[in-house]
Ligand code: UDP
């Protein structure tokens, strides 16, 4: 079985780190294509180096363009590669422009698509990610869904009537979290470097367009983080897009901003934090994996099971709501009573499923 996998953004490297390793272990032939969407050393190379992701066979170097130009250029280049490589499947992850371009190129030349992290919905059509994931799901043949909620979302959209297989696989991000936690403890010294102690700081990230592209929201979020920082120090590894906006808007903040970090440092920062404040999809779950509460800087989330069961709290981008929730939960003890994401078995499940059904 030959698979061409399209990756390009940070969360996709983290997912590929476990899935590509599993494919090698199980003898599945995989060719990696890096679109170039994320390209900085600490947004791309560091993940390949630290997590042992195989070197991509192709690097398209497409980045820093508008949505249309980026997706269009990727579409053209990925099509060329697929025509040359003639794989049995194209594999895409998640919801970025690289995901959509890979899927669209593949569908037009009738190469079946595997979508890992299928079926997630925010029901907010202003998010580029929501558009990417809905379109990708619709043209995919095998939909590996991380959660029961994802399966129900697809059923509600009529996927039972389409020629696609919906399979609940668990979430490969839990595999990554569990696999690299021990490595991180041995190899990362970020806590010493930043002089941080377990449970004594808040870890924050901000990068979603709805926050970075809205001046009022971004200013309110920083004001909210400043409030929290008066009580508990806030550490913010800042995405390059947000960093650029903070400079343009001349936002002053008391929180400690650092460059984006690699996965091992991030794992240490998350697993030792008091709690997490973020608009990241992946980090909301990592907080849960490492038994930390999460305050989500969005009006909605795809990971509704975390909100419904009291692990995650939606704050939108209101200054007062963020700090109010922080005050309410800062003294609470985190008790995990659920296993929503498969417990670290997703990548092996996916590889076995493909071999048993198509090997
Ligand atoms: N992450 C990282 N370094 C950072 C910030 C985030 O390694 O400085 C990791 C984080 O632990 C998670 C992933 O990047 O695994 C989330 O990616 P991102 O927030 O960019 O995307 P999303 O999950 O929102 O799609």
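Read-outs: derived from the displayed coordinates by stated rules, not from any lab. Everything numeric in this text was worked out from a predicted model, so none of it was measured. A quick note on method: Cβ atoms are made from the backbone with ideal geometry, for glycine too, and the neighbour counts reach across all protein chains shown.
Residues of the range 289-321 with backbone nitrogen within less than 20 Å of a virtual label 7 Å along the Cα-to-Cβ line of residue 216, please, listed as ranges.
Backbone N within reach: 297-300, 315-321.
Connecting C-alpha atoms closer than 10 Å in a GNM of the chain, tell me which of 77, 155, 332 has the biggest fluctuation.
In the Gaussian network model the winner is 332.
Distance in nm between label sites at residue 258 and residue 29, each 7 Å beyond Cα in the beta-carbon direction?
Output for this residue pair reads 4.3 nm.
Let a ≥ b ≥ c be the square roots of the eigenvalues of the Cα gyration tensor of the chain; is it rounded (a/c under 1.5), or, if not, prolate (a/b larger than b/c) or oblate? Let's see the in-between values first.
Working: a/c = 1.61, a/b = 1.54, b/c = 1.04.
Judged from the Cα gyration tensor, the chain comes out prolate (a/c at least 1.5, a/b above b/c).
I want to make sure I understand the PRE zone here: with the label point 7 angstrom from the Cα of residue 332 toward its beta carbon, which residues in the range 178-205 have backbone N atoms less than 20 Å away?
The answer is 199-205.
If I take R0 = 41 Å and measure r between the Cβ atoms of residue 45 and residue 155 in this structure, what FRET efficiency does the formula 1/(1 + (r/R0)^6) give, to the nearest 0.05? Mind showing how you got there, number by number?
Numbers: r = 40 Å, r/R0 = 0.98.
Once rounded, the FRET efficiency stands at 0.55.
So, in Å, what gap is there between the alpha-carbon centers of the range 61-130 and the range 21-46?
Rounded to whole Å, the Cα centres lie 15 Å apart.
Taking the Cα atoms only, what angle lies between the long axis of helix 128-139 and the longest principal axis of the chain, rounded to 10 degrees?
Between helix and principal axis, roughly 20 degrees.
Relative to the longest principal Cα axis of the chain, at what angle does helix 10-26 sit, 0 to 90 degrees, rounded to 10?
50 degrees
Between residue 178 and residue 162, 0.36 nm times their residue separation minus their Cα-Cα distance comes to what?
My answer for the length gained is 2.3 nm.
Pull out a ≥ b ≥ c, the square roots of the eigenvalues of the alpha-carbon gyration tensor of the range 38-130, then state rounded if a/c is under 1.5, prolate if not and a/b is larger than b/c, and oblate in the remaining case.
rounded
Need the full-extension length gain, residue 186 to residue 251, defined as separation in residues times 0.36 nm minus the C-alpha distance. One decimal, nm. Walk me through the numbers before you get to the answer.
Working: separation 65, 0.36 × 65 = 23.40 nm, distance 3.64 nm.
In short, 19.8 nm is gained.
In whole angstrom, note down how far apart the Cα centers of the range 314-348 and the range 177-236 are.
Between the Cα centre of the range 314-348 and that of the range 177-236, the gap is 14 Å.
Please identify, among 307, 78, 172, the residue showing maximal mean-square fluctuation in a Gaussian network model of the chain using a 10 angstrom Cα cutoff.
Judging by the Gaussian network model, the answer is 307.
Work out, step by step, the length gained on full extension between residue 230 and residue 126: first 0.36 nm times the residue separation, then minus their alpha carbon distance; give nm to one decimal. Could the numbers behind the result be given before it?
Values: separation 104, 0.36 × 104 = 37.44 nm, distance 3.37 nm.
Taking residue 230 through residue 126 to full extension adds about 34.1 nm, to one decimal.
Highest GNM mean-square fluctuation, the chain, Cα pairs closer than 10 Å: which of 121, 133, 197?
197
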